[in-house]
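> After the structure tokens below, expect a handful of questions from me.
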Amino acid sequence: MEHPIKILIVEDNVIIADDMQSMLEEIGYEIVDNVIVYEQAVDVLKNNHVDLVLIDIILASDKTGIDLGKHIRDAYNIPFIFVTSNSDRATVENAKTVKPDGYLVKPFEQQDLYTSIEIALSNFNYARKEKSKEITGNEGDTFTSNSVLKDSIFVKKQHLYYRIQFEDIQFIKADNVYLEVNTADKKFLVRSPLKDYLEKLPKHKFYRAHKSYIVNVDHIDAINSKDIMINNNLIPISKDFKEFIISSMNS
């Protein structure tokens with residue numbers, strides 16, 4: 001089942017914001033939230049899955065839409081479009097410094113909004129694929145691995161890319177040139193060094209427990225002097241990781 005694109009609107013003119021929301025919902029997009037200031041937008045991004053952000057450059061806060069664009073570039077791997085009444089050279093040059101994925105000048109029609117969003121998403125996804133390392137899978141086909149979103153990662157199994165939520169990954173085992181990514185009921189093979197894969201995962205949840213294993217600490221069921229247990233799998237651990245877990249348990 002294809003899920004609708006989730007959009008955050010950041011616009012301090014409530015009438016325009018509501019109009020944009022109506023236009024977008026009519027097309028079939030899902031509005032995650034509709035906020036007026038930088039701080040609200042940061043909070044929504046932190047606590048929700050968002051695919052794209054529409055940002056007015058001038059906001060009802062000290063920090064501008066350009067500040068928000070910089071925050072998104074620094075903290076998230078999602079596209080954003082500036083929506084503004086200002087198309088003067090100085091505003092455009094300032095906006096370009098944070099590399100928006102689109103720039104839409106008010107007033108605009110529903111079709112303008114739709115076109116801007118679809119082109120931004122298409123260009124963003126293409127650029128992300130181009131940057132991904134092309135690797136060869138089990139059956140000799142070439143595919144891009146490790147397409148990472150804010151809360152999940154895509155991995156290929158046979159001819160489909162499966163989206164796995166980070167929280168569903170229990171542990172990852174190195175097996176020769178492949179990694180075995182384990183969820184509660186599935187295993188996926190990915191060709192990547194363990195060290196490189198660890199860098200793509202949230203640092204507060206995933207740790208290298210052993211030279212051949214990455215584990216999600218949220219899924220540890222039991223521990224002894226040499227191993228941990230995750231979903232009835234006994235996983236060897238290093239001395240450092242054992243000390244880290246025991247320290248965490250006691251803190």
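> Can you give the accessible area per residue of the chain, in Å², using a 1.4 Å probe? Could the numbers behind the result be given before it?
Working: 14180 Å² over 251 residues.
That works out to 56 Å² per residue.
> Divide by every residue of the chain the summed helix terms, -39500 (n - 2.57) for each DSSP H run of at least 4, and state the resulting mean residue ellipticity at 222 nm, rounded to the nearest 500 deg cm²/dmol.
Working: 7 runs with 82 residues, N = 251.
Theoretical 222 nm ellipticity from helices: -10000 deg cm²/dmol.
> Run the reach check for K187 against aspartates and glutamates, Cα to Cα strictly under 13 Å, same-chain hits fewer than 8 apart removed. What comes back?
Cross-link targets: D168, D175.
> What are the radius of gyration and Dmax of the range 1-71, computed over its Cα atoms and given in Å?
Calculated on Cα positions, Rg and Dmax stand at 11.8, 41 Å.
> Quick one: Kirkwood hydrodynamic radius for the chain, alpha-carbon pairs, angstrom, one decimal? Mind dumping the intermediate values first?
Numbers: mean 1/r = 0.0488 Å⁻¹.
About 20.5 Å for the chain.
> Right, next: With loop defined by DSSP as not H, G, I, E or B, and exposure as at most 16 other Cβ atoms within 10 Å, which is the longest segment of the chain clear of exposed trypsin sites (Lys or Arg not before Pro)?
On the way: sites that count: K63, K133, K150, K186, K200, K203, K205, K211, K226.
Here the longest segment lacking exposed loop sites spans 64-132.
> In addition: At a Förster radius of 25 Å, what calculated FRET efficiency corresponds to the Cβ-Cβ distance of K70 and K6, to the nearest 0.05?
On the way: r = 21 Å, r/R0 = 0.86.
The value I calculate is 0.70.
> Compute the length gained on full extension between K63 and V105: take 0.36 nm times their separation in residues and subtract their Cα-Cα distance, giving the result in nm to one decimal. Provide the component values of the computation, followed by the final result.
Values: separation 42, 0.36 × 42 = 15.12 nm, distance 2.02 nm.
Full extension from K63 to V105 adds 13.1 nm.
The values are calculated or read from the model by the stated rules, or taken from the named source; none is laboratory data. What you see is a predicted model, and the numbers here were worked out from it, not measured in a lab. Cβ atoms come from the backbone with ideal geometry, glycine included; neighbour counts cover every protein chain shown. SASA here: full protein model, heavy atoms, side chains in, ligands and nucleic acids out. Shrake-Rupley method; radii C 1.70, N 1.55, O 1.52, S 1.80 Å.
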